[in-house]
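The numbers here are math on the coordinates, done by the rules we state, and not lab data. This structure is a prediction, so every number in the text was calculated from the model and none was measured. Note that each Cβ is placed from the backbone with ideal geometry, even for glycine, and that neighbours are counted across all protein chains shown.
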Amino acid sequence: MGNICRSPTAEGVFVAHCEARDDIEVDSAGTHGYHIGAPPDVRTQAVALRRGYDLSGLRARRVVEADFERFDLILAMDRDNLSWLEARCPPVHRGKLQLFLSYAPAALADEVPDPYYGGPQGFEHVLDLIEAASKGLLEKL
């Protein structure tokens, strides 16, 4: 949504999982412009760093129309953001839109919950889900 919690975590984790690949471009963006130019939430960064992911260089941005053309996959963290993307995506690119957790069927969830208003465990849980989905996505690619 604001590109400071879930999506930059997914970007950082997936980039780390793709280290050996130079044919994959990864970026994250929010559906809302609340935090444009801001680094990831400090709690997000702290949890990620404890697991070896440095998110400090990332900055929030908002999805732009060119993203629908530029990327082969556009993965949403939850159904609300997926609906926002579907409403703005040109029909020719709608097949690129999916839920991120569709790549982690063992997670027994289809949405990554927003940890912003919760405690530290929420950020840990988000990272668990994102690591599982990143592994599944890389296997598919």
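Can you give the local net charge around residue 3? Use residues other than it whose beta-carbon is closer than 14 angstrom to its beta-carbon, Lys and Arg +1, Asp and Glu -1. Write out the running numbers ahead of the final one.
Values: positive: 6, 59, 61, 62; negative: 11, 27, 41, 67, 78, 114.
Net charge in that neighbourhood comes out at -2.
Multiplying the sequence separation of residue 42 and residue 71 by 0.36 nm and subtracting their Cα-Cα distance, what value in nm do you get?
Details: separation 29, 0.36 × 29 = 10.44 nm, distance 2.79 nm.
Computed gain between residue 42 and residue 71 is 7.6 nm.
Arranged by the count of other C-beta atoms within 10 angstrom, fewest first, what order do 59, 43 take? The partial results should precede the final answer.
Working: 59 15, 43 18.
Going from sparsest to densest Cβ surroundings: 59, 43.
If I stretch the segment between residue 64 and residue 83 completely, what's the gain in nm (0.36 nm per residue apart, minus their alpha carbon distance), one decimal?
Details: separation 19, 0.36 × 19 = 6.84 nm, distance 1.54 nm.
That works out to 5.3 nm of additional length.
For a bin width of 5 Å, list the pair-distance distribution of the chain built from all Cα-Cα distances, rounded to whole %.
2, 10, 21, 24, 24, 14, 5, 1, 0
Helix-derived [θ] at 222 nm for the chain: sum -39500 (n - 2.57) over DSSP H runs of at least 4, divide by residue count, nearest 500? All intermediate terms of the calculation are to be shown ahead of the outcome.
Details: 5 runs with 58 residues, N = 141.
My calculation for the chain gives -12500 deg cm²/dmol from helical runs alone.
Exposure proxy check: 129, 99 ranked by fewest other beta carbons within 10 Å? Let's see the in-between values first.
Working: 129 22, 99 19.
Final ranking by Cβ density, sparse to dense: 99, 129.
Counting only residues 5 or more places away or on other chains, whose amide H sits under 5 Å from the amide H of residue 74 once H atoms are built in the peptide plane?
HN-HN under 5 Å from residue 74: 97, 98.
If you take the charge dipole of the stretch 6-140 about its Cα centre, with +1 on Lys and Arg Cβ and -1 on Asp and Glu Cβ, which of 89, 117, 134 is farthest toward its positive end?
117
Which value, in debye to the nearest 20, describes the size of the charge dipole of the chain about its Cα centre when Lys and Arg Cβ atoms bear +1, Asp and Glu Cβ atoms bear -1, and nothing else is charged? Working shown, then result.
On the way: 15 positive and 22 negative charges, 42 e Å.
The dipole of the chain has a size of about 200 debye.
Apply the Karplus curve 6.51 cos²θ - 1.76 cosθ + 1.60, θ = phi - 60°, to the phi angles in the stretch 33-41 and return the couplings in whole Hz, x for Gly and Pro.
Once θ is set to phi - 60°, the couplings for the stretch 33-41 become x, 4, 10, 3, x, 7, x, x, 3 Hz.
How big is D, in µm² s⁻¹, for the stretch 45-124 by Stokes-Einstein at 37 °C and 0.692 mPa s if Rh is the Kirkwood radius over C-alpha pairs?
Values: Rh = 14.5 Å.
D = 226 µm²/s.
Taking H placed 1.01 Å from N in the peptide plane, check which residues at least 5 places from residue 62 or on another chain put their amide H under 5 Å from its amide H.
Distant-sequence amide H within range of residue 62: 30.
With θ set to phi - 60°, apply the Karplus curve 6.51 cos²θ - 1.76 cosθ + 1.60 along the stretch 120-126 and write out the HN-Hα couplings as whole Hz, x wherever there is a Gly or Pro.
x, 4, x, 5, 5, 4, 4
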